[in-house]
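Everything on this sheet refers to the single structure shown next.
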Amino acid sequence: MSTILVVGASGTVGSELSRLLASAGHTVRKATSRAPTEPDQVHLNLLTGDGIDAAFKGVDRAFFLAPPGHSRQDLLLNPLVDAAAARGLHKVVLMSAMGANADEAAPLRLAERHLEASGLAYNIIRPNWFMQNFNSFWLHGILSQGQILLPVGQAKGSFIDARDIAAVAAALLVSDRFNGQDFDLTGPEALDHQQVAAVLTQASGKDIGYTDISPEQMREGLLAAGLPADYAEFLLLILGYFKAGYAERRTDAVQLITGQAPRSVAQYAADYKAAWV
Ligand SMILES: NC(=O)c1ccc[n+]([C@@H]2O[C@H](COP(=O)([O-])OP(=O)(O)OC[C@H]3O[C@@H](n4cnc5c(N)ncnc54)[C@H](OP(=O)(O)O)[C@@H]3O)[C@@H](O)[C@H]2O)c1
């Protein structure tokens with residue numbers, strides 16, 4: 001059994017990943033930027049570097065992600081990779097994002113390259129857009145206007161359930177089978193947002209539609225919600241990639257790594273239906 005550091009352990013992917021690893025008998029060290037309140041938590045602030053030494057003590061494997069809200073992900077992630085390499089960890093799994101490797105100069109790609117060059121055994125996972133965005137980031141429009149409000153036209157996305165990302169990360173962390181490989185992770189089908197809205201309506205019984213808003217309206221909404229301007233521009237950029245069709249592709253990576261088919265949007269909607277009423 002291993003001692004595994006999970007960055008983002010209270011978040012969407014990290015909480016499920018921590019649960020899976022603990023239930024498989026591993027010791028999970030849950031990183032938090034807040035003051036720890038549980039014995040299995042450790043303080044680690046990626047913005048300041050506080051807590052890195054203590055977080056890695058006795059750890060042999062680690063899962064890294066960059067918290068959302070920051071557009072220079074390389075500055076947050078590279079010190080973690082350096083710490084892992086200095087301590088000779090057995091394995092690191094980095095969660096990046098589908099499309100991050102399309103631009104060698106993109107900050108997330110720089111972090112990926114840093115890991116690739118580190119000498120560590122690693123995997124990079126690049127999930128597509130999360131299904132869970134519909135019960136978090138995009139929830140306000142659904143609850144206040146009954147609409148998914150996004151500037152992505154009729155483009156389709158092969159959305160992935162964050163629980164499947166966690167299952168992939170859990171499998172990769174404790175296996176050497178796929179070392180050195182990177183995987184784009186998607187759900188089983190590509191749907192446009194009109195189709196997603198219909199699935200959410202069916203599951204929740206609430207009438208949910210989709211409105212294709214302009215990038216300017218999106219920017220206004222993101223800034224009003226308090227997002228930093230540079231991160232709002234980053235989101236608009238990647239929403240533009242969605243609109244251009246780059247999120248439609250499907251892969252079989254979830255099935256290959258976990259042995260299970262990825263969850264459909266309908267399965268996700270049935271499990272989360274309470275969020276939309
Ligand atoms: N949403 C999508 O559609 C999508 C698609 C592809 C890739 N991604 C990637 O997924 C990642 C986000 O994953 P997620 O949604 O699972 O995360 P999340 O739910 O947003 O949680 C973020 C985590 O980061 C921690 N955190 C915040 N500030 C921190 C800091 N300064 N230092 C250390 N930890 C900090 C938070 O924990 P504490 O509050 O306890 O510190 C929290 O657990 C991002 O890198 C994003 O690019 C997202």
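Among the listed residues Y231, Y268, Y246, Y272, identify the single one that is among the aromatic types (F, W, Y), under 30 Å from V93 (Cα atoms) and assigned to a loop (DSSP other than H, G, I, E, B).
Matching residue, one of Y231, Y268, Y246, Y272: Y246.
Please name all residue pairs, on different chains or six or more residues apart, with Cβ atoms under 7 Å, provided the first residue is in the range 86-112 and is touching a residue at least 60 places away in the same chain (Cβ under 8 Å) and the second residue is among the hydroxyl-bearing types (S, T, Y) and near the ligand (Cβ under 10 Å from one of its atoms).
E112/S96
Please state which of the following conditions A24 fails to meet, knowing it meets all the rest: (1) modelled with pLDDT of 95 or more; (2) within 25 Å of F242 (Cβ to Cβ); (3) among the small types (G, A, S).
Only one criterion is unmet by A24, namely (2).
Report every pair of residues separated by at least 6 positions or lying on different chains whose Cβ atoms are under 8 Å apart, first residue within the range 1-13 and over 18 Å from P67 (Cα atoms), second among the polar types (S, T, N, Q) and more than 11 Å from the ligand (Cβ to nearest atom).
Sorted first by the residue in the range 1-13, then by its partner, the pairs are M1/T27; S2/T27; T3/T27; I4/T27.
Filter the range 193-239 down to residues that are without any contact (Cβ under 8 Å) to a residue 60 or more places away in the chain and under 22 Å from R126 (Cα atoms) and give me whichever is surrounded by the most Cβ atoms within 10 Å (Cβ to Cβ).
H193
Can you tell me which residue within the range 54-67, out of those that are surrounded by fewer than 16 Cβ atoms within 10 Å (Cβ to Cβ) and in a loop (DSSP other than H, G, I, E, B), is farthest from the ligand (Cβ to nearest atom)? Walk me through how you get there before you give the answer.
So the first thing to find is which residues in the range 54-67 are surrounded by fewer than 16 Cβ atoms within 10 Å (Cβ to Cβ), and the list is 54, 57-58, 67.
Now narrow it down to the ones that are in a loop (DSSP other than H, G, I, E, B): 57-58, 67.
Values: K57: 17, G58: 19, P67: 3 Å.
Of everything passing the filter in the range 54-67, G58 is farthest from the ligand (Cβ to nearest atom).
The values are calculated or read from the model by the stated rules, or taken from the named source; none is laboratory data. Bear in mind that the values here come from a model prediction, so they are computed numbers and not experimental data. Glycine gets a Cβ as well: all are built from the backbone with ideal geometry, and neighbour counts include every protein chain shown.
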